1. Taking region 176-231, how much of its Cα-Cα pair set, in percent, is spaced more than 19 angstrom apart?
2. In whole Å, what are the Cα extents of region 94-187 along the three principal axes, biggest one first?
3. Calculate how many DSSP beta bridges within the chain are antiparallel, expressed in % of all such bridges and rounded to the nearest 5.
4. With unit charges on the beta carbons (Lys and Arg positive, Asp and Glu negative) and the dipole taken about the Cα centre of region 155-231, which residue among Asn227, Pro164, His178 sits farthest to the positive side?
5. Taking the chain, how many lysine pairs are there with alpha carbons less than 28 Å apart, if each pair must be eight or more places apart or span two chains?
6. Mind checking the per residue accessible area of the chain for me, 1.4 Å probe, whole number of Å²?
7. Per 5 Å bin, what percent of the C-alpha pairs of region 1-124 does each bin hold, from zero upward?
8. What's the angle, to the nearest 10 degrees (0 to 90), between helix 103-113's Cα axis and the longest principal axis of the chain?
Amino acid sequence: MDALIEIHDIHKIYNAGENEVRALDGVSLRIDHGEFVAIIGQSGSGKSTLMNMLGCLDIPTSGTYLLNGNDVSEMDDDSLSEIRNLEIGFIFQGFNLVANLTALENVELPLIYRGIGKKERRKLATDSLIQVGLKSRMDHKPSEMSGGQQQRVAIARAIAAKPPVILADEPTGNLDSHSSAEILQILKDLHTDGRSVILITHDNDIAAQAKRVIRIKDGRIESDIENNWEE
């Protein structure tokens, strides 16, 4: 299988010198196209810093990061922004929906920034909302939906333009157990359909839903194991 992500000896150091913090300390990792990976760690483990690297939200102090064969480890802010826009669909714990827009309009918004025409973006947004089970809620605003439904809108927004990477940061953190199970099933279905899904979590039970679990501690990868659940 072709490599989607390759990082080699990544370091991220804050406050270099006497009081330096090594948030990432020599991390190397490969994730192939179509994998479903959970990255798990407690607060301060380095998982959030690693997520920022993988999501092109930050660059390492040293080391290399290849995304689809492109070295993004030394790109400037504009280039990183373009990579994020084209390559990565983000799902956050806090939903990050625009309160005065409908579900359909929220999903369409990033497609406007991509320069996608009105007819095509309406179809992409509609199709993605149907995919996450919100066909009957497209005209509802966030305040008219439950937390689980809002997170499904956020997932629809992340997948609408069919980016190769879905990066989900604690996507069930604000949800009850029933809604969490629904969101995790959607992520599993996306993986089954061929998407690459990277799930960031501190919860062992959530991580166990992924096919591969990478545990990070003190800025280093502590373990990297495969789960054996059936598709």
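1. On the way: 458 of 1540 pairs.
Above the 19 Å cut-off, region 176-231 has 30 percent of its Cα pairs.
2. 38, 29, 20
3. Values: 22 of 41 bridges.
Once the DSSP bridges in the chain are tallied, antiparallel ones form about 55 percent.
4. Pro164
5. 25
6. Values: 11180 Å² over 231 residues.
It amounts to 48 Å² per residue over the chain.
7. The percentages, shortest bin first, are 2, 9, 16, 19, 17, 15, 11, 7, 3, 1, 0, 0.
8. 60
The values are calculated or read from the model by the stated rules, or taken from the named source; none is laboratory data. From a predicted model like this one, the values you see are computed outputs, not experimental measurements. So basically every Cβ, Gly included, is an ideal-geometry build from the backbone, and we count neighbours across all protein chains shown. For the accessible areas, the whole protein counts, side chains as well, though only heavy atoms, and no ligand, DNA or RNA atoms are used. Shrake-Rupley method; radii C 1.70, N 1.55, O 1.52, S 1.80 Å.
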